[in-house]
Amino acid sequence: MKLDILVFAAHPDDAELSCSGTILAHIEKGLKVGIIDLTEGELGTRGSAEQRKKETKKASKLLQITVRENLGFRDGFFVNDEKHQLDIIRKIRKYKPKIVLANAVDDRHPDHSRASLLVKEACFLSGLKKIEVEEEGKKLEHWRPQNLLYYIQSKYINPSFVIDISKYWDQKIEVIKAYESQFYNPKSLQKEQTFISTPQFLNFLEARARELGQLCEVEYAEGFVTDRYFMLDSLNSLM
């Protein structure tokens, strides 16, 4: 199955928090989008891996993505080595995306920047034909995405560009709230509070989206970073 956009996320809910508006916008345009979670988020203070699986399923249904997989890496302890790179390469070659979205290059949670570099190196290595990998006994042909983009997470990073998600803001919040164990839920019986479980965190998300939107005079936006320049055929692309 070929995808147009493949999103890699260190934890279930990373994609929803950072780029679900962009996902919704492109699915409405008819593009096929998938998400690969690297870990089950089993070290999270609130909830459990099993509960987050159910929440991820609900969020995926709301997003209407084509596919979602979890690689089962160790939350907090996965490393950027050959084994993990090959696991990423398999998914890139399996789905042959034109665009890959990855975690922030620098962020509060160390898993995020580590995942970012892991996916970056795997995207390059996936294009080398002498690296051979199989899935279910089938050899996967080499493939390198046309573009690798990094979404912005907790730490503010100046975006290379932003995507207008104003039309999808309410849907994005609904998708995020599918993770009832992780984010503010007045009906929750969990006593332990975390950085992301307070109502203030949802206010922060809105403020960030409004700030990014203000850069281009729209109500809400999501920002992305690229480590290379884009080329335009002409200035007509900006009109």
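Quick notes
- The base-10 log of I(q)/I(0) for the range 23-117, evaluated at q = 0.15, 0.20, 0.23 Å⁻¹, reads -0.68, -1.19, -1.41 [Debye formula, identical scatterers on Cα atoms, solvent excluded].
- For the chain, share of DSSP beta bridges that run antiparallel, in % to the nearest 5: 35
- The Cα center of the range 127-143 and the Cα center of the range 1-79 differ in position by 24 Å.
- In this entry, the range 66-197 is assigned a mean projected area of 10.4 nm², taken as a quarter of its C-alpha convex hull surface.
- The range 149-239: C-alpha gyration tensor shape, a/c 1.5 cut-off, then a/b vs b/c: prolate
- Membrane-span-like helices in the chain (whole DSSP H runs, Cα extent of at least 15 Å along the helix axis, mean Kyte-Doolittle hydropathy of at least -1.0): 14-28, 110-125, 199-214.
- With the highest mean first, a sort of the peptides 151-158, 73-80 on other beta-carbon atoms found within 10 angstrom per residue produces 151-158, 73-80.
- Matching label, P(r) over Cα pairs in 5 Å bins from 0, in percent computed from the structure shown, candidates (i) 1, 6, 11, 14, 14, 14, 13, 12, 8, 4, 2, 1, 0; (ii) 1, 6, 14, 17, 17, 14, 12, 9, 6, 3, 1, 0; (iii) 1, 6, 14, 18, 21, 18, 12, 6, 3, 1, 0, 0: (iii)
- Ranked by the mean number of other Cβ atoms within 10 Å per residue, highest first, peptides 224-233, 211-220, 167-176 order as 167-176, 211-220, 224-233.
- FRET efficiency for the Leu238 to Lys191 pair, using the beta carbon distance and R₀ = 41 Å, is estimated at 0.20.
- Highest to lowest packing among 7-20, 59-72, scored as the average C-beta count within 10 Å: 7-20, 59-72
- Taking 0.36 nm per residue of separation and subtracting the current Cα-Cα distance, fully stretching the chain between Glu28 and Arg74 would add 13.2 nm.
- Per residue, the solvent-accessible area of the chain (1.4 Å probe, heavy atoms of protein chains only, all protein chains present) comes to 53 Å².
- Given Lys91/Lys191; Lys2/Lys187; Lys57/Lys96; Lys167/Lys191; Lys53/Lys138, the pairs whose alpha carbons are separated by over 30 Å: Lys91/Lys191; Lys2/Lys187; Lys167/Lys191
- Each stretch of four or more DSSP H residues adds -39500 (n - 2.57); spread over every residue of the chain, this sum gives -11500 deg cm²/dmol at 222 nm.
- Considering only alpha-carbon pairs that sit under 8 angstrom and 6 or more positions apart, the relative contact order computed for the chain is 23 percent.
- The fraction of accessible area contributed by carbon and sulfur in the range 27-101 is 50 percent, rounded to a whole number (1.4 Å probe; ligands and nucleic acids excluded).
- Solvent-accessible area, 1.4 Å probe, carbon plus sulfur percent, for the range 119-239: 52
- Global form of the range 196-239, assessed from the alpha-carbon gyration tensor, a/c cut-off 1.5: oblate
The values are calculated or read from the model by the stated rules, or taken from the named source; none is laboratory data. Every value quoted in this text rests on a predicted model; they were computed, and no experiment measured them. All Cβ positions, even for glycine, are placed from backbone atoms using ideal geometry, and neighbour counts span all protein chains on display. We work out accessible area using only protein heavy atoms, side chains counted, and drop any ligands, DNA or RNA first. Shrake-Rupley method; radii C 1.70, N 1.55, O 1.52, S 1.80 Å.
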